[in-house]
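The block underneath contains the structure these notes are about, expressed in structure tokens.
Derivation of every value follows stated rules applied to the coordinates shown; laboratory data play no part. This structure is a prediction, so every number in the text was calculated from the model and none was measured. Glycine also receives a Cβ, built like all others from the backbone with ideal geometry; neighbour counts cover every protein chain displayed.
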Amino acid sequence: MKRGWTLPILAWLGFAFLYAPILSLVVFSFNASELVTVWAGFSTRWYGELLTDEQILGAAWVSLRVAFYSATLATILGTLGAFVLTRFGGFRGRLLLTGMITAPLVMPEVLTGLSLLLLFVSMDLTLGWPDGRGMTTVVIAHTTFCLAFVAVIAQSRLRNMDESLEEAARDLGAGPVRVFFDITLPVISPALVAGWLLAFTLSLDDLVIASFVTGPGASTLPMVVFSKVRLGVSPDVNALATIIIAVVALALGFAGWLWYRRTPR
């Protein structure tokens, strides 16, 4: 084998190993048979059944709402935490605050979910809130989990930011709040958008933490899918996965198109 062909062949083998199962899943989502391993002809039957499945649709709506609220809260709190750690220098409790913000990055999700479950149970017994477990507890748990990722991204952008812009605004008479909203926030907004999207994705994908802190009527889409595939993959799950793959592919294609349009020739 020539040296020039080694790397391309290994790369194609790696891509086949990663994407062949996904391609197989997409193909069998159009299978007319109820058995996912037996091809019985082309059919869109499972897409129709998926769109009328109230359990799947309800879980998807819950997941989208939880992901939106969690990502928004995590972005706000993570940005404030990153700003404090970056701009206020050394202060008493800085090490403790840093550890509390970054702890979810290194803690296993099982431990995070269990600790939050015990916290919610204790709060319910002593304070009467939250009353049971549901979407509120899932949002709080996902906000706690995603906050660390947003804080790391925002903190990295703040450290690389040119502080002379803030100093010039303060020299012109702007107060700290005005400087933050008029100068700092617009400059770091791309990082905040990236952090929000990452938090949204992590919340939408989470299964372990949500399994600990959820309650009746607040089952997320990963929990419903996991309960379905425990007894074997069903064709409607293949259809659901294909729709998610298509949405992600379209989003990536649109982002690539925007990047291509804005890149100078």
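Details
- Formal net charge of residues neighbouring Ala60 (Cβ-Cβ distance under 12 Å; K, R +1; D, E -1): -1
- 222 nm mean residue ellipticity, helices alone, for the chain (DSSP H n ≥ 4; -39,500 (n - 2.57); rounded to 500): -25000 deg cm²/dmol
- In degrees, nearest ten, helix 54-87 long axis to first principal axis of the chain (Cα): 30
- Distance (nanometres) between label positions extended 7 Å along Cα→Cβ at Val187 and Leu165: 0.5
- 0 to 90° range, to nearest 10: angle between helix 109-126 axis and the chain longest Cα axis: 70
- Mean-square fluctuations from a GNM of the chain, with a 10 angstrom spring cutoff on Cα atoms, peak among Leu114, Leu221, Leu35 at Leu35.
- Counting 0.36 nm for each residue step from Ala11 to Leu231 and taking away their Cα separation leaves a gain of 75.7 nm.
- Comparing Ser33, Ser211, Ser63 in a Gaussian network model of the chain where C-alpha atoms under 10 Å apart are linked, the largest mean-square fluctuation is found at Ser33.
- Ranking Thr136, Phe91, Ser29 by how far each Cα lies toward the positive end of the dipole of the chain (charges on Cβ) leaves Phe91 at the top.
- Panel order for Thr263, Thr184, by other beta carbons found within 10 Å of each beta carbon, from fewest to most: Thr263, Thr184.
- Region 60-235 - percent relative contact order, Cα under 8 Å, separation 6 or more: 39
- Residues Asp162, Asp205, Asp236, ranked from the fewest to the most other C-beta atoms within 10 Å, line up as Asp162, Asp205, Asp236.
- Label-to-label distance, Ala40 versus Leu172, with points set 7 angstrom from Cα along the beta-carbon direction: 7.0 nm.
- In region 129-237, GluC sites (Glu not before Pro) in a DSSP loop with at most 13 other beta-carbon atoms within 10 Å: Glu163
- Virtual spin-label span in nm between Leu57 and Phe254, 7 Å along Cα→Cβ: 2.2
- Region 107-265: C-alpha gyration tensor shape, a/c 1.5 cut-off, then a/b vs b/c: oblate
- Answer label for Cα Rg over 2.2 N^0.38 Å (calculated), chosen among [x] 0.94; [y] 1.04; [z] 1.27: [z]
- Gaussian network model of the chain, springs between alpha carbon atoms under 10 Å - residue of Leu127, Leu207, Leu117 with greatest fluctuation: Leu127
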